[in-house]
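Below: one structure, written as C-alpha cells.
All of the numbers you see were taken from the coordinates with simple rules; none came from a lab. A quick note: this is a predicted structure, and the numbers were derived from the prediction, not measured. Positions of Cβ are backbone-derived with ideal geometry, glycine not excepted, and every protein chain shown enters the neighbour counts.
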C-alpha cells in the first residue's frame, strides 16, 4: 500500500544538517505510522536522500530510535523548565509535574519510544543517557529547593525525584492506555493529587 503524502515528504532534504533532517523525518514517520515505521530505509525515503545516507550517522535502527528518544527528552526537559520559570516555588513544582504529564499525553508515540525496550539500556548510548538523566536531575533540583524552603521533609532528594517520576510515568501510561476513562477527575486533578501525596503524605498538609 502506498503511504499518503506526509509532512516529511513535503520537506525533502537538500542541504545542511543531514542528521537533524533524518531525525525530523523519523518523528514524522513515528507520529503518522507508529514505531514500526522507524527504519533507516523509510527515514531515508521520507527525507529524500539515498538509502545509504542514514548510515553516516546511525549504525542501525536502534541508533535511530535512540536519536528520536533523545530529542523527546530534550523537548520534555525544555517544557518542564519553562513551566517552572513561569511559576517558581511550590507552585512551580506542581507545574513541572503538569508539564510532564501533558507532554506524554500530547506526544504518545514519542513518549512510548522514549521509554520503550529498545533504548531501556543506555550504557552504550551516552548521549541519550545524559539527556534522559537531565530530566531526573531537574526534578531532583526541584525537590532540593522545596527542602531548603522547609516545605517538604529531608528525605533523600534523588529517591524522592525517582518516586515522583514513577508516579508521573504511571499516570501518563494510564492515560495513554485508556485506563482512566472511568475516573471522575481531570488529568490535572490527578497530577495535583499525586504531587500533593508526595509533598505532604497521605495524611495531608498540617
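Quick check: residue separation of residue 165 and residue 74 times 0.36 nm, minus the Cα distance between them. What number comes out in nm?
Length gained between residue 165 and residue 74: 31.2 nm.
In terms of the Cα gyration tensor, with a ≥ b ≥ c the square roots of its eigenvalues, is segment 65-117 rounded because a/c is under 1.5, prolate because a/b exceeds b/c, or oblate?
Prolate, since a/c reaches 1.5 and a/b exceeds b/c.
When the helices in the chain are scored as -39500 (n - 2.57) per DSSP H run of 4 or longer and the sum is shared across all residues, what 222 nm value do you end up with, to the nearest 500 deg cm²/dmol?
Calculated from helices alone, the mean residue ellipticity at 222 nm is -21500 deg cm²/dmol.
Using all C-alpha to C-alpha distances in the chain, build P(r) with 5 Å bins and read off the rounded percent in each one.
Each 5 Å bin holds this share of Cα pairs: 1, 7, 14, 17, 16, 14, 11, 8, 6, 4, 2, 1, 0.
May I ask you to derive the relative contact order of segment 29-89, considering only C-alpha pairs under 8 Å and at least 6 residues apart, and to give it as an integer percent?
22 percent
Working out 0.36 nm times the residue gap between residue 39 and residue 183, then minus their Cα-Cα distance, what length gain in nm do you get to one decimal?
48.0 nm
Measure out, as a whole number of angstrom, how far apart the alpha-carbon centroids of segment 147-164 and segment 166-186 sit.
Rounded to whole Å, the Cα centres lie 24 Å apart.
Need one number: nm distance between label points at residue 193 and residue 50, each 7 Å from Cα along Cα→Cβ, rounded to one decimal.
5.8 nm
Determine the distance separating the Cα centre of segment 126-142 from the Cα centre of segment 56-86; give it in Å without decimals.
11 Å
Extension gain residue 20-residue 106, at 0.36 nm per residue separation less the Cα-Cα distance, in nm?
Extra length from residue 20 to residue 106 when fully extended: 28.8 nm.
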